[in-house]
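I have placed the structure first, in the form of structure tokens, so that the comments after it can refer back to it.
All of the numbers you see were taken from the coordinates with simple rules; none came from a lab. What you see is a predicted model; the values in this text were computed from it and never measured. Don't worry about glycine lacking a Cβ; one is built from the backbone with ideal geometry, like all the others, and counts go over all protein chains shown.
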Amino acid sequence: MNDAIIEHVPSSGESRLPAQTTAPVQARAFAPASVGNIGVGFDLLGHSIDGPRDVATVRRIDAPEVRITAISGDIPGVDRLPLEAARNTAGQALISMREKLGLAHGFELSLVKGIPLGSGLGGSAASCVAAVVAANALLDEPLPREALYEFALDGESVSSGSRHGDNVAPMLLGGVVMATHDRMIALDVPEWLHAVVVHPDQMLETRRAREVLAEPYPLHDVVRQSAHLALFLTGLQRGDASLLREGLVDLLVEPRRASLIPGFAAAKAAALANGALGASISGAGPSTFAWFASREAAEAAAPMMRVAFAEAGYDSRAYVTPVAGPRAEVIS
């Protein structure tokens, strides 16, 4: 890949490659934050955003192992992330990649975290995706994006306790993606569609947010939610704002999680009062997102959503982004 960081084999040191390889020794990649679930598509839909990102630097080494040398970043709690590869989402993703591809060599990894922990912006998934995209650039025959999906899912499961791709898939492909257990399907997104994503200074662990979903749901609620999902997907395919507005309603997950996020109800109300097509919780929360029919409308509503969190006692940051957000890439 032209934008990989390429280094020649050093004359000394432990990271020495066979002379016949033409792959670069080191690559650096970023993965963007994302909105998981998009309200109506729990564990199924997600979209990437133009906002915070994680960066992984991966080095190819002779030793048949995965090592994490450093995790840094200007976000709270980064010093608590494990350096043991098997306990780290990015480390486990690279372990999976090595084992499933039968690689003789190993990887050395360092991470710079830019996505806040427990934010509902896909931070654990971003580390996985950045790591596998960087490592893929070091292979003699790099794989297509679809083939990286299972490695990133293996890593993500370390954090969430389950294999769901609603964050991983849009980071790999960009934009809005439908993520099943074994497939990523990129969906059509009209260019005019924009989002506001507000992250309040709160932390909500994914495992805790999933605990409140344990009780079964009445069948009639599931049927109604299926109708909303159908309207939402049709609205995306047709570029129909009215269908998106009718479909972007979460009857299942949001009602159980809303009380875990002080200020959420007011922030959602502010978005809807200022022209949002719909609004809900980003991923497991506490971040909140809203979709708008133009960038101008999104930019006008963002301060009102921040005010709602401020009145609940929390500072916040707002990101205005195309819904067709970026995908992870190797960077120089």
(message) How tilted is helix 89-101 with respect to the longest principal axis of the chain? Cα atoms for both, answer in degrees (0 to 90, nearest 10).
(response) 60
(message) With loop defined by DSSP as not H, G, I, E or B, and exposure as at most 13 other Cβ atoms within 10 Å, which is the longest segment of the chain clear of exposed trypsin sites (Lys or Arg not before Pro)?
(response) 17-182
(request) Towards the positive end of the charge dipole of region 188-322, with charges on Cβ (+1 Lys, Arg; -1 Asp, Glu), say which of L244, P216, M304 has the farthest Cα. (result) P216
(request) Please state the charge dipole magnitude for the chain, taken about the Cα centre, from unit charges on C-beta atoms (+1 on K and R, -1 on D and E), reported in debye and rounded to the nearest 20. (result) 260
(request) Taking the chain as the reference, fit the longest principal axis to its C-alpha atoms, fit the long axis of helix 264-273 to the helix C-alpha atoms, and give the angle between the two in degrees, 0 to 90, nearest 10. (result) 70
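For region 26-185, calculate the relative contact order in percent as a whole number, restricting contacts to Cα pairs under 8 Å that are 6 or more residues apart.
Working: 407 pairs, mean separation 50.5, N = 160.
That works out to 32 percent.
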(message) Using just the Cα positions, wrap region 26-185 in a convex hull and report its mean projected area in square nanometres, one decimal place.
(response) 8.2
(request) Using the charge dipole of region 26-185 (Lys, Arg: +1 at Cβ; Asp, Glu: -1 at Cβ; taken about the Cα centre), state which of P116, V129, L153 has its Cα farthest towards the positive end. (result) P116
(request) Filter the GluC sites (Glu not before Pro) in region 88-191 down to the DSSP loop ones having no more than 16 other Cβ atoms within 10 Å, then list what survives. (result) E191
(message) What does the charge count around D201 come to, taking other residues whose C-beta lies under 12 Å from its C-beta (Lys +1, Arg +1, Asp -1, Glu -1)?
(response) +1
(message) Just to confirm the number: angle between the C-alpha axis of helix 219-238 and the first principal axis of the chain, 0 to 90 degrees, nearest 10?
(response) 70
(message) At 222 nm, what value in deg cm²/dmol follows for the chain if DSSP H runs of at least 4 each add -39500 (n - 2.57) and the sum is divided by all its residues, to the nearest 500?
(response) -10500 deg cm²/dmol
(request) Report relative contact order for the chain in percent, whole number only (criteria: Cα-Cα under 8 Å, sequence separation at least 6). (result) 23
(message) Can you report the principal axis dimensions of the chain using only the alpha carbons, biggest first, rounded to whole angstrom?
(response) 64, 40, 40
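Over region 132-201, what relative contact order in percent results from Cα pairs under 8 Å that are six or more residues apart? Write down the numbers at each step before the final one.
On the way: 64 pairs, mean separation 14.4, N = 70.
It comes to 21 percent, rounded to a whole number.
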(message) Give me log10 I(q)/I(0) at q = 0.11, 0.12, 0.13 Å⁻¹ for region 188-322, Debye formula, one equal scatterer per alpha-carbon, no solvent.
(response) -0.39, -0.47, -0.55
(message) List the residues, sorted by chain then number, that are 5 or more residues from I61 or on another chain and whose placed amide H is less than 5 Å from its amide H.
(response) G106, F107, E108
(request) Could you work out how far apart the two model spin labels at L83 and D140 are, taking each label as a point 7 Å from the Cα in the direction of the beta carbon, and quote it in nm? (result) 3.3
